[in-house]
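**Q** Before I ask anything, let me first share the structure, which is written out below as structure tokens.
The values are calculated or read from the model by the stated rules, or taken from the named source; none is laboratory data. Given the structure is predicted, the values throughout are model-derived calculations rather than measurements. Cβ coordinates were reconstructed from backbone atoms using ideal geometry, including for glycine residues, and neighbour counts include every protein chain displayed. All accessible areas refer to the heavy atoms of the entire protein, side chains included, with ligands and DNA or RNA removed. Shrake-Rupley method; radii C 1.70, N 1.55, O 1.52, S 1.80 Å.
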Number of protein chains: 2
Amino acid sequence: MSRAVEIAYVKVREGILSGAFAPGTHLKEAELVEFCGVSRTPIRSALNRLVADDLIEMHRNQGARVKEWPEDDVEDLFALRTLLEGHAAACAAGRISLNELEKIELAIEEMDAVLASRKPLTVKTREFLRLNAVVHASIWQASGSARLQSILTKLVEQALQVRTAATFTLERIAESHHHHKELLRALRAGDSVWAEAIMRSHIRAAQASLARPAD
Amino acid sequence: MSRAVEIAYVKVREGILSGAFAPGTHLKEAELVEFCGVSRTPIRSALNRLVADDLIEMHRNQGARVKEWPEDDVEDLFALRTLLEGHAAACAAGRISLNELEKIELAIEEMDAVLASRKPLTVKTREFLRLNAVVHASIWQASGSARLQSILTKLVEQALQVRTAATFTLERIAESHHHHKELLRALRAGDSVWAEAIMRSHIRAAQASLARPAD
DNA sequence: AGCGTGCAAATTGTATACATTTCTCAACCA
DNA sequence: TGGTTGAGAAATGTATACAATTTGCACGCT
């Protein structure tokens with residue numbers, strides 16, 4: 001992506017994911033021009049990409065709107081994630097390299113450190129989520145399917161819009177952490193069935209914790 | 001999509017899918033301007049959409065190239081299609097409406113007519129493929145997941161680029177036709193397991209016929 | 001001959017002017 | 001009062017001019 005387009009894409013995307021541009025908001029090009037500091041041309045290019053990310057909608061002569069998902073859509077989103085992340089884990093189990101295994105192991109060790117530290121919950125949560133993303137991305141990569149990787153990247157991004165509001169408890173994080181460790185064992189054993197099963201549980205548990213954020 | 005963008009999108013897309021723009025071809029904006037009869041602005045907009053469709057690639061300051069997939073990529077493509085179309089069929093079985101069932105039935109009856117006719121094989125193939133697309137699209141729709149629908153639309157489009165070279169025999173078409181009929185029975189019975197299984201067979205058989213086009 | 005160097009042409013990136021469409025709102029009529 | 005209409009404003013769509021980058025090739029150097 002070229003310079004100005006990238007600026008516009010990142011700034012608008014962050015605005016959407018952070019909630020600064022709420023779902024349903026009409027993104028006027030003139031406003032984005034001053035918000036991003038580039039002209040309309042790269043703005044429009046960036047908007048096209050955001051359409052591809054399913055983060056906004058555009059209709060002829062009516063500009064761009066931040067997409068709003070129906071409440072029951074979370075179910076659909078996680079159903080697909082469960083299916084595809086499970087598939088990715090199964091594929092990965094059969095072909096993951098030692099190098100990639102080590103990367104996941106390292107992330108999990110970092111998680112241990114974060115959880116054992118005396119940082120406040122919000123900081124732990126933020127760092128855990130970052131490492132969580134590393135683990136998942138590694139598995140997608142190890143699955144060997146660039147297509148699967150790009151689809152899952154998009155799905156998770158959409159899930160983020162929902163998740164921002166969710167609260168995380170130590171119990172929830174610990175459960176997720178245990179899933180990761182078990183997943184690592186399954187991958188190291190090259191056991192596709194095991195890897196797929198634990199990954200599916202991992203995603204469903206995440207969905208369940210969204211439904212009842214007080215857990 | 002606005003007028004000029006749509007013209008550009010459709011023309012370039014058809015050029016790619018028909019093979020007029022071979023994989024690897026460098027699509028220069030100036031050439032596309034005269035090819036499409038619109039200015040560079042809508043051309044660029046259309047190119048952005050084609051990137052989202054995974055039909056072209058763009059790199060900074062290097063323009064657009066028609067994407068070329070490695071030979072062994074067909075396997076990955078069909079693995080995902082099998083997984084997702086199977087899932088779509090299973091979802092559809094549980095919630096399809098009489099109206100949608102009828103639409104599929106109608107398409108299948110039209111297929112009967114086409115196959116019974118005395119048209120040449122190439123014509124039969126073309127009409128069969130069109131009706132095949134109708135059946136699949138109906139099931140995606142009936143699955144109730146817009147996301148699944150859009151992902152599968154893209155995957156099939158990519159498969160088309162491969163399939164253009166494939167040859168179709170009457171036996172192959174007849175087999176596919178039988179799959180459709182069985183699928184309809186499974187859907188009508190509301191049997192998710194059955195629907196998913198036959199759909200998975202249907203996709204794998206299509207893949208197998210690609211691998212050995214002489215079948 | 002092989003390999004940099006640098007200029008010119010080609011190509012893409014960005015900004016902006018202009019065209020077209022949609023929206024807003026007030027005036028008007030039934 | 002309620003609805004319709006139309007002019008002006010605002011927003012998007014398109015074309016084009018200009019800037020920045022890359023590419024191709026000739027030239028000169030070792």
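**Q** Among the residues of the range A:61-69, are any on the phi > 0 side of the Ramachandran plot and either of a type in the set (Phe, Trp, Tyr) or without any contact (Cβ under 8 Å) to a residue 60 or more places away in the chain (or both)?
**A** Taking every residue of the range A:61-69 in turn, at least one turns out to be on the phi > 0 side of the Ramachandran plot and either of a type in the set (Phe, Trp, Tyr) or without any contact (Cβ under 8 Å) to a residue 60 or more places away in the chain (or both).
**Q** Restricting the search to the range A:58-78, which residues are surrounded by fewer than 19 Cβ atoms within 10 Å (Cβ to Cβ), away from DNA strand C (no atom under 16 Å from the Cβ) and either under 25 Å from residue B:75 (Cα atoms) or aliphatic (A, V, I, L, M) (or both)?
**A** Passing the criteria: only A:74.
**Q** Moving on. What is the one condition in (1) open to solvent by 50 Å² or more (accessible area, probe 1.4 Å); (2) within 14 Å of chain A (Cβ to nearest Cβ); (3) touching a Phe, Trp or Tyr at 6+ places or on another chain (Cβ under 9 Å) that residue B:122 does not satisfy?
**A** Evaluating residue B:122 over (1) open to solvent by 50 Å² or more (accessible area, probe 1.4 Å); (2) within 14 Å of chain A (Cβ to nearest Cβ); (3) touching a Phe, Trp or Tyr at 6+ places or on another chain (Cβ under 9 Å) leaves (2) as the failure.
**Q** If the requirement is being surrounded by 13 or more Cβ atoms within 10 Å (Cβ to Cβ), modelled with pLDDT of 95 or more, of a type in the set (A, V, I, L, M) and closer than 28 Å to residue A:66 by Cα, which of these qualifies: A:183, A:152, A:106, A:187?
**A** A:152
**Q** Of the residues A:159, A:146, A:137, only one is crowded, with 16+ Cβ neighbours inside 10 Å, among the hydrophobic types (A, V, I, L, M, F, W, C) and within 14 Å of chain B (Cβ to nearest Cβ); which?
**A** Answer to the selection: A:159.
**Q** Another question, if that's okay. Output the residues belonging to the range A:113-148 that are farther than 19 Å from residue A:173 by Cα and free of Cβ contacts under 8 Å to residues at least 40 places away in the same chain.
**A** The answer is A:138, A:146, A:147.
**Q** What number of residues in the range A:56-80 are more than 16 Å from DNA strand D (Cβ to nearest atom) and in a loop (DSSP other than H, G, I, E, B)?
**A** Within the range A:56-80, residues that are more than 16 Å from DNA strand D (Cβ to nearest atom) and in a loop (DSSP other than H, G, I, E, B) number 5.
**Q** Moving to a separate point now. Quickly run through the range B:42-60 and pick out the residues that are away from chain A (no Cβ under 11 Å) and either out of contact with any Asp or Glu (no Cβ under 6 Å at 6 or more places or on another chain) or in contact (Cβ under 8 Å) with a residue 40 or more places away in the chain (or both).
**A** B:55, B:56, B:57
**Q** Continuing with this model, one more query. Would you mind stating whether residue B:65 is within 12 Å of chain A (Cβ to nearest Cβ), basic (Lys, Arg) and more than 30 Å from residue B:204 (Cβ to Cβ)? Quick ask: steps written out before the conclusion?
**A** Values: within 12 Å of chain A (Cβ to nearest Cβ): no; basic (Lys, Arg): yes; more than 30 Å from residue B:204 (Cβ to Cβ): yes.
It is false that residue B:65 is within 12 Å of chain A (Cβ to nearest Cβ), basic (Lys, Arg) and more than 30 Å from residue B:204 (Cβ to Cβ).
**Q** When you check residue A:45 against the structure, is it farther than 22 Å from residue A:206 by Cβ and more than 16 Å from DNA strand D (Cβ to nearest atom), yes or no?
**A** So residue A:45 fails the test.
**Q** Looking at the range B:4-41, which of its residues are charged (D, E, K, R) and away from every other protein chain (no Cβ under 14 Å)?
**A** If the condition is that a residue be charged (D, E, K, R) and away from every other protein chain (no Cβ under 14 Å), then B:11, B:13, B:14, B:28, B:31, B:34 are the ones that fit.
**Q** In addition: Can you pull out every residue in the range B:1-48 that is under 23 Å from residue B:156 (Cα atoms) and either open to solvent by 70 Å² or more (accessible area, probe 1.4 Å) or in a loop (DSSP other than H, G, I, E, B) (or both)?
**A** Passing the criteria: B:1, B:6, B:11, B:14, B:18, B:19, B:20, B:21, B:22, B:23, B:24, B:25.
**Q** So residue B:88 passes all but one of these: (1) within 12 Å of chain A (Cβ to nearest Cβ); (2) within 16 Å of DNA strand C (Cβ to nearest atom); (3) not basic (Lys, Arg). Which condition number does it fail?
**A** Here residue B:88 clears every test but (2).
**Q** Now a separate question. Report the residue count in the range B:18-33 for those that are among the hydrophobic types (A, V, I, L, M, F, W, C) and in contact (Cβ under 8 Å) with a residue 12 or more places away in the chain.
**A** The number of residues fulfilling the criteria is 4.
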